[in-house]
Amino acid sequence: MAITLQRPILIGGLGLTASIWLLDSLGASVVGLGDNLVWAIALGSGIWWMRHRRSPAVEPTTLPKDRPAVEAAIQSAIALIDQLEAELQQEATAATPGIVDHLRSQLEHLQGELDRSTLRLAIVGEAAVGKTAIAQQLTQQWLPKISWPTDVTAVAISDVSSQAIALEESESVLKDADLVLLVTPGDLTESSYQALVGYATAGQRVLVAFNKQDQYPLDERSLLLHQVRQRVAAYVPSADVVAIAADPAAMKVRKHLEDGTVQESWQQSEADLASLSQTLTSLIPQGRSLVLATVARQVHQVRVATLAELNRYRRQRAMPLIEQAQWIAGAAAFANPVPSLDLLATAAVNAQLVLDLGKVYQQSFSMEQAKAVAGTMAKLMVQMGVVELSTQAIAPLLKTHALTFAAGGALQGMSAAYLTRLAGLSLVDYFQAQSIVDPSDRTPFSLQPEALKQRLNDVFQQMQPLGQVRALVDQGLRRLAPTA
């Protein structure tokens, strides 16, 4: 095995001190207990995973609302792009072609958008809900009556066809919209509701139009309007949900003539967009803040794209560090077998890994803090049952390699490698989440155990498939098994 311990923290860290600390924190060993207890642990751990699995809450994106704040956000995004460029140049890596130039050009465009005086209204909804009719009525009946303020001189109305919703130009219209008008002919379908949630949580101002109200009896219209308002109350104020009839159906009219006969005819009713027109008119004086909100949202999207590229590159740098650490830990446990629950005596390796990954992700902390993080991760793994479950997954695969398995340290070595890899990947996810915070708002490093536990949970679920465990074992046998 060509594995060399070159860092000072690794020397002696795998000895008696770590073992005694772990024995004290873990309590009695389960080595030698029967299969019933093993299965009880597995069942209990499974129940724990089920109970602690949570769907992420959808929270609206917080965006700056005034020009100085938006300009500051642009400068922050520029600084992040500079950071990406600097890290790429340090390693002379082959990044996505032109990504830095593309991100910079987007920000330059957005700086020009700060002075835009045309509001952009996108009308969206499913097929046959009346989007085109609404766009025509607003253009013909509403726009000519507007008294324009000095900073808003026009409104550009776009009808986003449901058939073209996946096309690039339609996505661009939605991305650039200052206002989104979602049209529904009754209560919202699930797909329309999810679309609304997406717009609102991205920071867009959303209005909802209950169109074709003329198709319902009078006593049902107010009930349906109330129902729609209740459905979207978490994202859209009640005043921004209106009932309209953009293209009402023709009505049959009966006319009684003097000779006593009745003449029937069809009469086209006039469109009723009064409530929508009033709402839109009330928003015109807010045009400047709506434009700024759109620019802020798009700056945020540029920032997210920059972070994604930065984290993709950082992950490329992190993976060799994780793989090196996992096989150092595996080699140490393989050469000096210890009871199964003492596999986390490789905490010294994990502490060095924490420090190395912190440098990759621009997280500044001391060696003592790195040791504390490694210790916290070790305790969390034991509390969550990860140690037992990983051993149960690896042991059957090793039994097919009888000679190696009989050598004594294979199970411990593989488990140590598995747990170190789990720790490394969880830290990568944790640090990526931390990198979302603006550097100007970032406080000195402070570990958040609950957030780290969630990352461990997520990564462990991803590493559970048998194929991944088998691949790790096969690789480990080639690295750790004695050779002639």
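The set of residues from the range 109-135 being open to solvent by 40 Å² or more (accessible area, probe 1.4 Å), in contact (Cβ under 8 Å) with a residue 24 or more places away in the chain and in a helix (DSSP H, G or I) comprises Gln111, Thr132.
Note on the range 333-368: residues that are within 22 Å of Leu477 (Cα to Cα), in a loop (DSSP other than H, G, I, E, B) and either modelled with pLDDT of 85 or more or open to solvent by 50 Å² or more (accessible area, probe 1.4 Å) (or both) amount to 3.
Filter the range 133-149 for residues that are at pLDDT 90 or above and β-branched (Val, Ile, Thr) and give the result. Passing the criteria: Ile134, Thr139.
For the range 225-257, name all the residues that are in contact (Cβ under 8 Å) with a residue 12 or more places away in the chain, basic (Lys, Arg) and farther than 14 Å from Ala209 by Cα.
Of the residues in the range 225-257, the ones in contact (Cβ under 8 Å) with a residue 12 or more places away in the chain are 225, 227-229, 231-232, 235-236, 239-253.
If we keep only those that are basic (Lys, Arg) too, we end up with 229, 231, 252.
Answer for the range 225-257, where residues must be in contact (Cβ under 8 Å) with a residue 12 or more places away in the chain, basic (Lys, Arg) and farther than 14 Å from Ala209 by Cα: just Lys252.
For the range 63-77, the count of residues that are modelled with pLDDT under 90 and touching a Gly at 6+ places or on another chain (Cβ under 8 Å) is at least one.
Does the range 217-224 contain at least one residue that is in contact with a strand residue (DSSP E or B) (Cβ under 8 Å, 6 or more places away or on another chain), within 20 Å of Ala122 (Cα to Cα) and open to solvent by less than 60 Å² (accessible area, probe 1.4 Å)? Scanning the range 217-224, I find no residue that is in contact with a strand residue (DSSP E or B) (Cβ under 8 Å, 6 or more places away or on another chain), within 20 Å of Ala122 (Cα to Cα) and open to solvent by less than 60 Å² (accessible area, probe 1.4 Å), so the answer is no. Out of curiosity, is Ser265 at pLDDT 90 or above, hydroxyl-bearing (Ser, Thr, Tyr) and surrounded by fewer than 23 Cβ atoms within 10 Å (Cβ to Cβ)? So Ser265 fails the test. A Cβ distance below 7 Å, combined with a sequence gap of six or more or placement on separate chains, defines the contacts here; from the range 423-436, residues that are farther than 27 Å from His300 by Cβ and modelled with pLDDT of 90 or more reach residues that are of a type in the set (Gly, Ala, Ser) and assigned to a helix (DSSP H, G or I) in the pairs Gly424/Ala325. Restricting the range 162-182 to residues that are at pLDDT below 90 and part of a loop (DSSP other than H, G, I, E, B) leaves a set whose member that is surrounded by the most Cβ atoms within 10 Å (Cβ to Cβ) is Ile165. Among the residues of the range 438-453 satisfying the criterion of being open to solvent by 80 Å² or more (accessible area, probe 1.4 Å) and closer than 19 Å to Lys371 by Cβ, which is modelled with the highest pLDDT? Ranking the candidates gives Gln448 first. Tell me yes or no: at least one residue of the range 297-319 is at pLDDT below 95, open to solvent by 70 Å² or more (accessible area, probe 1.4 Å) and among the basic types (Lys, Arg). Yes, that holds for at least one residue. Filtered by the rule that a residue be of a type in the set (Asp, Glu) and open to solvent by 50 Å² or more (accessible area, probe 1.4 Å), the range 226-261 gives Asp247, Glu258, Asp259.
Val152 meets the conditions (1) open to solvent by less than 30 Å² (accessible area, probe 1.4 Å); (2) modelled with pLDDT of 90 or more; (3) of a type in the set (A, V, I, L, M, F, W, C) in every case but one. The failed one is (2).
The values are calculated or read from the model by the stated rules, or taken from the named source; none is laboratory data. For clarity, every value in this text was computed on a predicted model and none was experimentally measured. With ideal geometry, Cβ positions are generated from the backbone for all residues, glycine too; neighbour counts draw on all protein chains shown. Just so you know, the surface numbers come from the protein's heavy atoms only, side chains and all, with ligands and any DNA or RNA stripped out. Shrake-Rupley method; radii C 1.70, N 1.55, O 1.52, S 1.80 Å.
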